[in-house]
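Structure first, then comments.
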Amino acid sequence: MSSSKALDRVRRVIDEAMIFASLMVLAWPIVFERLHNEDRGVLDWLLPTAVVVVLSAVISKLADRWPLAQYAPVSAAIVVAGLINAGDRNTLTWLIIAVAGTILVRQFLGARTNQGLMRDLTRQRAQLARQAFRDPLTGLGNRAMFMDHARDALADADDTMTAVILLDLDGFKGVNDTYGHAAGDALLRVTAERLNANVRANDTVSRLGGDEFVVLLPRLTDDQIADTVANRILRDLLQPLVVGETVLTIRASAGIAFTRGSGHDVDAILREADAALYQAKDDGKGVARRFDPARFAEAEQRRHDEDDLRQALAERQFEVHYQPIVDLAGEHTVGVEALVRWRHPSRGLLPPAAFLELAEELGLMPELGLWVLEQACEQAVAWQRDNPDFELNVNLSASQLGSPHLTDDVRAVLERTAIPPHLLVLELTESVALTDLAESARVLGSLKTLGVRIALDDFGTGFSSLSHLGALPVDVVKIDRSFVQAMPESATGASVAEAVLQIARTFGLAPVAEGVEDAVQAARLRDLDCAQAQGYHFAKPMPAAGVTDLLCTQRAAI
């Protein structure tokens with residue numbers, strides 16, 4: 001038994017003894033004094049004593065509900081004792097009565113104080129309970145109340161359905177920014193009122209935080225009810241709201257998730273409703289969407305891919321492969337294009353198409369592109385010791401071109417690796433270059449001051465005017481593979497490739513043909529006086545060791 005429980009038991013015994021003694025004092029002049037004077041036997045004392053014991057138990061029980069009740073017999077006993085000893089001149093007797101009365105008053109006042117404290121504590125507990133489960137702004141339940149009610153609903157679902165509707169106000173931040181937080185608060189309060197007006201008595205409406213609300217619909221027999229409620233809420237929210245002199249409308253999006261039967265996880269259904277809400281946002285906002293497992297799986301896969309890609313960059317899971325660029329006259333390798341690959345821990349070696357677009361969207365390309373540039377430059381310097389004019393082509397992404405630090409980053413790589421600047425060719429596609437022609441020209445001009453060369457990739461697919469070509473400080477054009485692969489198929493295909501080559505020569509640019517896949521295409525390009533090419537006909541992209549072996553074999557054959 002704990003010390004606090006033991007003390008409580010001792011106090012109770014003392015209280016009961018006090019009540020019993022007080023009743024004995026009250027009964028003494030009426031019953032027990034006569035028995036004492038008549039010298040009665042034990043059996044004569046038992047009945048009145050039993051009555052006193054029973055009364056003591058009754059008063060003790062009443063004191064559990066009304067604590068002050070225990071002081072009534074004590075007070076009466078002190079008064080009776082005073083009356084009995086009214087003629088007694090014994091000072092000690094009156095001192096004892098006075099002490100007893102003082103103790104009684106002190107205990108009585110303490111009990112009253114304790115009662116007041118208990119009432120205050122009870123009120124505070126009730127207030128804290130309301131705060132724990134209520135949103136102070138709207139009066140709705142908060143997240144804790146929703147989770148509590150949702151757990152109960154799922155436990156009691158039997159074979160019925162439980163639906164969760166998650167709502168988010170579209171453009172709420174704009175209301176706060178434009179009209180102030182008072183208008184935003186009014187909007188939230190009216191939203192709460194309209195939500196409550198569109199649900200059943202046993203449904204739960206809560207505000208999860210910010211401008212996000214949730215509706216719990218338990219024990220549904222028809223899933224269409226949730227769609228009806230959600231769309232009715234969205235229509236009702238669109239009714240104009242006057243805040244001061246401003247007329248506002250509340251536009252919202254909703255996500256709906258269902259589960260049937262009991263034993264389901266609240267967090268899981270809430271996550272599904274959240275995913276459905278994102279689907280509603282993606283579909284143009286202002287609509288309600290059910291949870292779509294296929295879209296959710298796709299979104300989950302994307303999140304996994306994003307996490308994997310960030311981890312891959314942190315752990316440097318990437319490799320640089322190189323595709324040879326050959327001189328068509330002798331079909332010997334004169335340079336390479338650096339191409340990044342991802343050595344995924346579980347999916348193996350992934351090509352650029354599997355991750356570069358995502359890396360660009362996540363803003364990871366400047367860091368990844370700089371790493372590829374440095375790795376490739378270090379490797380190219382090693383090759384250039386035995387192949388003095390060996391060129392390295394490295395691609396620039398759109399986000400790299402838009403980085404204000406690009407020129408400084410490239411300068412730092414040139415200094416760290418000591419690669420001759422004129423042997424480094426930086427490639428960018430036409431679509432990237434034409435996003436902002438003036439800015440592209442400025443950035444490329446800045447790069448050119450470092451001594452590097454600039455190549456325009458996929459040449460011939462993106463220009464709307466030849467004047468754009470003259471506006472960019474370009475040294476090399478790479479003829480798109482679509483023109484190269486069309487050459488054997490028709491005279492028109494060959495004519496287009498020849499025209500593109502002629503344009504390159506007109507502007508004084510060095511052409512490189514991409515995507516050469518067979519000897520016929522290579523021969524046709526030689527006939528058109530194209531100096532350089534790359535493609536699977538010559539070599540696929542390979543690790544650095546493969547290029548080293550290729551160059552060694554090439555030198556041995558000379």
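The values are calculated or read from the model by the stated rules, or taken from the named source; none is laboratory data. Quantities reported herein were computed from a predicted structural model and do not represent experimental measurements. All Cβ positions, glycine included, derive from the backbone under ideal geometry; neighbour counts span all protein chains shown. Side chains are part of the model used for accessible areas, which takes the heavy atoms of the whole protein and leaves out ligands, DNA and RNA. Shrake-Rupley method; radii C 1.70, N 1.55, O 1.52, S 1.80 Å.
Structural remarks
- Kirkwood radius, region 203-350, all distinct C-alpha pairs, inverse of mean reciprocal distance: 20.0 Å.
- Magnitude of the charge dipole, region 481-550, Cβ model with Lys/Arg +1 and Asp/Glu -1, debye to 20: 120 debye
- Note on H405: accessible area approximately 110 square angstrom, rounded to 10, probe 1.4 Å, nucleic acids and ligands left out.
- 12 Å beta-carbon shell around L208, net charge (K/R +1, D/E -1): -3
- Surrounding net charge for R289, when Lys and Arg each add one and Asp and Glu each subtract one, Cβ distance under 13 Å: -3
- All Cα pairs of region 476-558, percent lying beyond 16 Å: 54 percent
- Summarising the amide proton neighbourhood of L248: residues at separation of 5 or more, or on other chains, whose placed amide H is nearer than 5 Å comprise L241, V242, V243.
- Using the average count of surrounding beta-carbon atoms within 10 Å as a protection proxy, the listed peptides 315-327, 239-251 rank, highest first, as 315-327, 239-251.
- Rounded accessible area of M487 (nearest 10 Å², 1.4 Å probe): 10 Å²
- Sites S495 and E439, calculated FRET efficiency, Cβ-Cβ separation with R0 25 Å, nearest 0.05: 0.15
- A crude spin-label estimate for the pair E298 and T160, with each label 7 Å from Cα along the Cβ direction, gives 3.5 nm.
- With K and R counted +1 and D and E -1, the other residues having a Cβ less than 13 Å from that of N231 yield a net charge of +2.
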